[in-house]
Every structure is written in structure tokens, then in C-alpha cells.
Amino acid sequence: MLEKLQKRLPEFVKRCRQRGGRYTLTMPGSADQTSGQGRSWRETLNVSAPDQAEHRLASLGYQWQWLSEDCLRVTTPTLPLVRKTPNGEEVFFNQLIAAYSGFGPDGESPDHSITFGDGEKLPADMVLQACQIAEELTFDIQWQTGQMAIVDNHVAMHGRRSFSGTRKILAALIAQELT
């Protein structure tokens, strides 16, 4: 993804490297599978009360605002949009496309879901081109019974297309800090 972005949108990649990004999302007070978030702020932050949520968010360097109907809007500190893997390879490792495509509440502009680290809006034309590049690189795994996939999120993005039928998803996460 980064290689294609650098070829087609070098100025955008430069700005992503230099400025990072900040994500804003609104979490409902209770689980709502129709929202972009799905999980409540209680589930997301693993807390049971607003004061616990505020303490957790402060420890992470987030900004927050309580909204009506027990909703919570949070904004991350500036996070890198281009990172280095442990072997020194640069990767486009972030939630930019997901945030721009679906974090916001229905009817809310995607400009509110992610900005550059300084608060400037991302150039919509460049983000849409990045989304198109991601789509060009996308492929579906043709699953067979008993198969599994191992995805290294540092070098490959993953998505979730709609699905009908029965399936059981088992996931294990292993964290490794990127710089």
C-alpha cells in the first residue's frame, strides 16, 4: 500500500509521515451494531462508569466530550500514519481508510473522523485515491472448511466485507510495538 501511495500520491505520503493523524469517534452508551463503532464506550474502554472512562482516556492522552444519550466522543492524541516495522521497513499502518469510510455517525462528514495531527482536514481527493488503491490491492480469501488465516497487520491491512451464512470467527492478537 505504501509503495503504491508513494508512486501516486507522494505529497500525501509526505504529509502523513510529517504530521500523523488524529482519530475521532463517537461511542454509544450501549452496544449498537448499527453504529460505526458497534461497541459501547463501556465495552471499548473496559469500564463501568463515566469517571472510570475519563481516567482511562486521560491516561491514554485522549480528549473527550460527553454527548446526549450517554454517548462519548473521543479524539486520540496524534498517532503516526506511516510507521517502521521491527525490521526497519516503512508501512502505511493506520486506521485512515476505516476511519474515513465508516467511523462517523450516519450523516456525519468523514472529515470529522480523522484529521492530520495538527487538526487540518485530510484532502478528500487524496483520501479517496488512497481508498481506491486499497480496493485495487484487495482480495478475498476463498475459505474452505477448517482453514485459517494468519494476518500480519504491520504489513497487510485486513477488512471485513459483508457476509451471509453461518461462520465462527476465532481470533488471537499478538501485539508488537512499532515506532
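The values are calculated or read from the model by the stated rules, or taken from the named source; none is laboratory data. None of these values were measured; they are calculated from a predicted model. Every residue, glycine among them, receives a Cβ derived from its backbone with ideal geometry; neighbour counts consider all protein chains shown. Heavy atoms of the whole protein, side chains included, go into the accessibility calculation; ligands, DNA and RNA do not. Shrake-Rupley method; radii C 1.70, N 1.55, O 1.52, S 1.80 Å.
Structure summary
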read-out: Near pairs, Cβ below 8 angstrom, 6+ apart or cross-chain, from region 128-145 (in contact (Cβ under 8 Å) with a residue 60 or more places away in the chain and of a type in the set (A, V, I, L, M)) to any residue that is assigned to a helix (DSSP H, G or I) and open to solvent by less than 80 Å² (accessible area, probe 1.4 Å); value: A130/L5; A130/F12; A130/L96; A130/I97; I133/L5; A134/I97
read-out: Residue match in region 56-65 (condition: open to solvent by less than 80 Å² (accessible area, probe 1.4 Å) and outside any helix (DSSP H, G or I)); value: yes
read-out: Any hit, region 140-160, residues being modelled with pLDDT of 80 or more and surrounded by 11 or more Cβ atoms within 10 Å (Cβ to Cβ); value: no
read-out: Counted residues, region 72-90 - those being open to solvent by less than 50 Å² (accessible area, probe 1.4 Å), part of a strand (DSSP E or B) and under 19 Å from E120 (Cβ atoms); value: 1
read-out: S68 being open to solvent by 80 Å² or more (accessible area, probe 1.4 Å) and not acidic (D, E); value: yes
read-out: Selection from region 1-45 of residues that are more than 15 Å from the chain's Cα centre (by Cα), at pLDDT 95 or above and assigned to a loop (DSSP other than H, G, I, E, B); value: L9
read-out: Residue match in region 15-32 (condition: free of Cβ contacts under 8 Å to residues at least 24 places away in the same chain, over 19 Å from L96 (Cα atoms) and polar (S, T, N, Q)); value: no
